[in-house]
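Written out below as C-alpha cells is the structure these notes cover.
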Amino acid sequence: MGAKWFFEYYRGMLWHEPDYIRAIKAAVEKYPPRKLPDIPIACRISGLELCTIEEGSC
C-alpha cells in the first residue's frame, strides 16, 4: 500500500455523493439560507451558567 493508494481512496470519497445526500440537498434547495441574528460583540462563555463579558462589565 502506500501514499498513492491513500490518495486514490480519499479522492474517491470526495467525489462520491450517496443517494441520501442528494435527497437532503433536493429537499432543502427551495429554502433560502437563514439570516444570522444581529447581536452585539461580546465574550460569551458557557458552562453550567452563561457568562457574558461586555465592554464596561468588569
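FYI, it's all coordinate maths here, none of it is from the lab. Note that this is a predicted model, so its numbers are computed, not measured. So basically every Cβ, Gly included, is an ideal-geometry build from the backbone, and we count neighbours across all protein chains shown.
Looking only at residues in the stretch 15-44 that are surrounded by 10 or more Cβ atoms within 10 Å (Cβ to Cβ) and charged (D, E, K, R), the one that is farthest from Gly56 (Cα to Cα) is Arg22. Residues in the stretch 23-54 that are of a type outside the set (A, V, I, L, M) and part of a strand (DSSP E or B): Cys43, Arg44, Cys51, Thr52.
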